[in-house]
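The values are calculated or read from the model by the stated rules, or taken from the named source; none is laboratory data. Predicted, not measured: the structure shown is a model, and the values here were computed from it. Here Cβ is always computed from backbone atoms with ideal geometry, including for glycine, and neighbour counts include all displayed protein chains.
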Amino acid sequence: MPKSSESLESRDDLVADYLVLGAGAMGMAFADEILRSSKTASVVIVDRRAKPGGHWNNAYRFVTLHQPALYYGVNSEPLGDGERDLASQAQILAYYEKVQKKLEATGRFRFLPLSEVQEDGSIRSLAAPGETIRVRAKKTVDATYMNVQVPSTTAPKYDIGEKVALVPVNGLAELDRSYARYVVVGSGKTGIDAALYLLDRGVDPDAITWIMPNDAWFLNRDALYPDGLPSDLTAQLRAVTQSKSMTEVFERLEADARVLRLDPEIWPTKYRCATVTNDELDALRQIKDIERHGRVRRIEGSTLELETGIRELREDPSDVLYVDCTADGLAQRPARPIFEGDRITLQAITMCQQVMSAAAIAAIDLRVEGDDEKNAIVQPVPHPLLPADYLRCITLSMTNRDAMTKVLFRWLFSQRLSMMSHIGKFRTARLIWDASRMPVPTIEDAERLIEAG
């Protein structure tokens, strides 16, 4: 196989079992599982970026995982230090470089950076115009379908006046002065990170305005660590199977401290899988100036035009910094069949667990014959947006997990990307016992709860 230092022009066509489009977290997890589980399969990954790691290359410097590093990355290489570590951007990028070298050492892996696949199937170099190559692969794996976006590479969808000081969230790590007011635009995971970063830097909570078009349910991160997982999974199953309405489901989850909300007086209308701890929530509650008048339409100086109102800031425009956190990191994409002949489209098969899903899809592709049989085992689980989506997604996730245990039982309880592998034999047995006493909810059950409100 050609060495990484060769130019595209000097290479013959590459031959591989899998051509993976995208060297982000899902693409790398898929490739790693293929190379681990097969002694002969080969993989070529193509990516527009210079290094593996996908959107992490463009993320803000102070970003960390919102879930334990214990479950993130690839199966063959641990990430983080201890059960509660949340890896930083720098750690994650260094990790994926290490993984790249590890996979290349197999002699069956090739990474083509700064390259893109053209309509005719050839691969074009972005660094050297005119240089192309073909990869003759048995299967093409689309690891870009989830279309992860970050503020630094995504333009805001609102109008911005000429003299407005606005930066993507990345800009907070590069400030050369302070401001009298910081306006955080966006209330998802990135908005949470921006607000916490400002508070951690000693910014007065009263100097922060937070534009929050919708309140959302947050996952309690403490429930996602190994010691909390069995009770968390049991609580979710109990809430879905024993409630009579969607409202009751969330009341039960909140009572069990599985989900949290910023304001106990406001019933959230969104659910995006963002996680916080109780300590972080206490910190966020220090911010009292929260605008709940819809999305921003235009910013002009100290004037914010929102969907349902106008907000005039008292500070001089030159002393106001707007922080854009509105990029839809994981948009809700239409589900499509995962296995389609010579094409595999990577999607989540467990709610908000993309990397585990990618590795599991690879494991299924190597073990099961026939697309119909494979697609019968796992269905795509779209990224949730609304509380109703939580019910649909958790139901699909449980259905998939039930089907996967029939073909991947040992895999599910032995691979580091699978949460189930970290809870220990005793707690695993207890979880299986608890789950066996409750029915696996169906999508029809979920729709009945949603209809009941």
Scan region 33-57 residue by residue and report those that are in a strand (DSSP E or B) and out of contact with any Lys or Arg (no Cβ under 6 Å at 6 or more places or on another chain). VAL43, ILE45, VAL46
Checking GLY80 against (1) among the small types (Gly, Ala, Ser); (2) at pLDDT below 95; (3) over 23 Å from TRP411 (Cα atoms): exactly one of these is not met. Which one? (3)
More than 22 Å from THR247 (Cα to Cα) and over 27 Å from the mean Cα position of the chain (by Cα): does that describe ARG416? no
Among (1) hydrophobic (A, V, I, L, M, F, W, C); (2) surrounded by 14 or more Cβ atoms within 10 Å (Cβ to Cβ); (3) part of a helix (DSSP H, G or I), where does ALA335 come up short? (3)
Members of region 142-167 found to be among the basic types (Lys, Arg) and either assigned by TED's automatic domain parsing to the domain that holds ILE349 or in contact with a Lys or Arg (Cβ under 9 Å, 6 or more places away or on another chain) (or both), listed by number: LYS157
Given the residues ILE310, ILE377, ILE349, ILE364, which is the only one that is closer than 30 Å to VAL164 by Cα and not aromatic (Phe, Trp, Tyr)? ILE310
Counting only residues in region 306-317 that are out of contact with any Asp or Glu (no Cβ under 9 Å at 6 or more places or on another chain) and not in a strand (DSSP E or B), the one surrounded by the most Cβ atoms within 10 Å (Cβ to Cβ) is identified as LEU313
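Sort through ASN214, ASN170 and tell me the only one that's surrounded by fewer than 18 Cβ atoms within 10 Å (Cβ to Cβ), outside any strand (DSSP E or B) and either in contact (Cβ under 8 Å) with a residue 12 or more places away in the chain or assigned by TED's automatic domain parsing to the domain that holds VAL63 (or both). Steps first, please.
Numbers: ASN170 fails: surrounded by fewer than 18 Cβ atoms within 10 Å (Cβ to Cβ).
Going through ASN214, ASN170 in turn, the sole match is ASN214.
In region 339-358, what residues are over 18 Å from the mean Cα position of the chain (by Cα) and outside any strand (DSSP E or B)?
First pass over region 339-358, keeping only residues over 18 Å from the mean Cα position of the chain (by Cα): 339-344.
Once the filter is applied, which keeps residues that are over 18 Å from the mean Cα position of the chain (by Cα) and outside any strand (DSSP E or B), region 339-358 yields GLY341, ASP342.
Evaluate region 78-85: report whether one residue or more is under 22 Å from ASN147 (Cα atoms), in the same structural domain as ALA137 (by TED's automatic domain parsing) and touching a helix residue (DSSP H, G or I) at 6+ places or on another chain (Cβ under 9 Å). Before you say what the answer is, go through the steps one by one.
Taking region 78-85 as the starting set, the residues that turn out to be under 22 Å from ASN147 (Cα atoms) are none.
Within region 78-85, not a single residue is under 22 Å from ASN147 (Cα atoms), in the same structural domain as ALA137 (by TED's automatic domain parsing) and touching a helix residue (DSSP H, G or I) at 6+ places or on another chain (Cβ under 9 Å).
Of the residues that make up region 287-305, is at least one part of a helix (DSSP H, G or I) and touching a strand residue (DSSP E or B) at 6+ places or on another chain (Cβ under 8 Å)?
Looking for residues that are part of a helix (DSSP H, G or I) and touching a strand residue (DSSP E or B) at 6+ places or on another chain (Cβ under 8 Å), one finds none in region 287-305, hence no.
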From the list GLY188, GLY228, which residue is modelled with pLDDT under 95 and touching a helix residue (DSSP H, G or I) at 6+ places or on another chain (Cβ under 7 Å)? GLY228
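Does ALA388 fit the bill of being surrounded by fewer than 22 Cβ atoms within 10 Å (Cβ to Cβ) and of a type in the set (A, V, I, L, M)? Lay out the reasoning, then the answer.
Values: surrounded by fewer than 22 Cβ atoms within 10 Å (Cβ to Cβ): yes; of a type in the set (A, V, I, L, M): yes.
So ALA388 passes the test.
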Could you tell me which residue of region 93-128 is modelled with the lowest pLDDT, considering only residues that are out of contact with any strand residue (DSSP E or B) (no Cβ under 9 Å at 6 or more places or on another chain) and within 16 Å of ALA50 (Cβ to Cβ)? ALA128
Could you name every one of the helices (runs of 4 or more DSSP H) located completely within region 359-453 that has at least 2 residues being free of Cβ contacts under 8 Å to residues at least 60 places away in the same chain, in contact with a strand residue (DSSP E or B) (Cβ under 8 Å, 6 or more places away or on another chain) and not hydrophobic (A, V, I, L, M, F, W, C)? 371-377
